[in-house]
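The structure under discussion appears below in the form of structure tokens.
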Amino acid sequence: MILSMPISRNFKRRTLLVAAALTAATTPALAQTKTLLRISTPAVPDAWHAKMWTAFKETLDKSAPGEFDVQINLNASLFKQGAEPTAMARGNLELTSVSPADIAKLVPEFSIFTAGYILHNPAHQQKVFNGPIGAELFKTVSEKMDIAVLSTCYLGTRQLNLREARNVRTPADLRGIKLRMPGSKEWLFLGNALGATATPLAFGEVYLGLKTGTIDGQDNPLPSVRAAKFYEVTKQIVLTGHLVDSLFIAIANKTFQALTPAQRQKVSAAAQAAAAYNNEFTLKEESQLVEFFKKEGLQVSAPDVEAFRKAVQVAYQNSDYAKVWPKGLVERINAAE
């Protein structure tokens with residue numbers, strides 16, 4: 001009995017050391033089996049199109065436990081707005097939400113969805129992008145941008161938001177207004193078509209720009225106005241309804257093709273779930289926000305929307321943008337109602 005105690009202790013010690021060594025050797029291997037999915041978006045945390053990425057992650061964790069390492073980066077903290085497609089092409093990013101303007105840089109015909117008053121309402125948007133038109137265009141997007149569109153998100157209907165209240169009935173009433181727009185030529189064209197002086201400014205700089213008077217106004221869907229707190233530094237909402245805005249959840253083709261067929265299905269389903277989450281809550285919030293902004297002291301006005309529609313449509317018809325739109329596409333979009 002006296003001799004057996006040291007032997008027992010040595011045996012236990014060796015057993016523990018072997019177990020620890022095995023754990024150390026196998027843990028990295030197990031961690032490496034997870035597929036990294038980095039997500040970059042300029043969305044602020046309170047926006048539904050930021051929160052939808054949590055829905056994406058939770059859906060994927062549930063359907064494919066332990067298979068993916070989903071990393072969500074908000075506020076353009078990983079890549080600047082508009083730089084995401086390039087990062088995906090270089091293998092530095094797996095997922096993002098890409099806008100029609102981002103796509104139009106490489107797929108010119110997609111600029112039709114940056115034009116004012118093309119899509120009629122959220123339901124029309126979903127019919128267009130979830131039907132044959134969407135399938136054809138997304139195939140071209142995949143070929144030219146090396147990304148796969150997985151789902152379509154309703155970002156909201158864009159309205160005007162002015163620093164100082166004024167009587168706005170027609171585009172002529174916006175003459176001289178420095179209207180912040182995203183920096184692409186498509187966005188700037190739309191701002192000018194509305195009658196204002198389009199001024200490029202990064203989204204993260206808009207609040208300060210409104211506060212200091214660097215810009216006189218900005219355009220965004222109402223949920224984005226609330227999420228970014230632009231109502232704190234503006235006095236008026238003008239309900240022009242000039243663009244039914246979209247975002248597309250997209251994944252790098254290289255990443256998507258490297259997945260197993262079962263994993264592709266699960267990632268696609270998670271993207272659909274994320275879009276459905278975003279769309280449901282965006283629509284719900286949008287219906288309540290006019291009253292919210294009124295309570296916050298903003299004037300909410302309804303202009304002559306038909307005057308805006310005519311002016312914007314004429315501007316596009318006489319532009320180079322319309323020249324690259326496939327023949328008959330406007331009619332097909334209208335028919336998808």
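Within the same chain, aspartates and glutamates fewer than 8 places from Lys62 are excluded, and of the rest, none has a Cα less than 19 Å from its Cα. Kindly express, to the nearest 10 degrees and within the range 0 to 90, the angle between helix 261-286's C-alpha long axis and the longest C-alpha principal axis of the chain. Helix 261-286 sits at roughly 40 degrees to that axis. Suppose we look only past 24 Å in the calculated P(r) of the chain. What percent of the Cα-Cα pairs does that tail hold? Value for the chain: 59 percent of Cα pairs lie more than 24 Å apart. When the alpha-carbon atoms of segment 166-233 are used, the pair Rg, Dmax equals 11.5, 30 angstrom. Both radii come from the Cα set of segment 267-331: Rg as radius of gyration, Rh as Kirkwood radius; their ratio Rg/Rh reads 1.16. Relative to the dominant Cα principal axis of the chain, helix 4-32 is inclined by about 20°.
With the helix formula -39500 (n - 2.57) applied to DSSP H stretches of n ≥ 4, the chain reaches a computed 222 nm mean residue ellipticity of -14500 deg cm²/dmol.
Pairs spanning more than 31 Å between alpha-carbon atoms, out of Lys80/Lys178; Lys211/Lys254; Lys185/Lys235; Lys127/Lys254; Lys57/Lys127; Lys34/Lys139: Lys211/Lys254. Global size of segment 115-203: 16.2, 47 Å for Rg and Dmax (C-alpha atoms, Rg to one decimal, Dmax whole). First check a/c for segment 181-331, with a ≥ b ≥ c the square roots of the eigenvalues of its C-alpha gyration tensor; if it is under 1.5, answer rounded, and if not, answer prolate when a/b is larger than b/c or oblate otherwise. Oblate shape, in that a/c is at least 1.5 and b/c is the bigger or equal ratio. Of the beta bridges in segment 34-324, as assigned by DSSP with both residues counted there, near 55 percent are antiparallel.
None of the figures in this text is laboratory data; all of them are computed from the coordinates on show. Just so you know, these numbers come straight off a predicted model, no measurement behind them.
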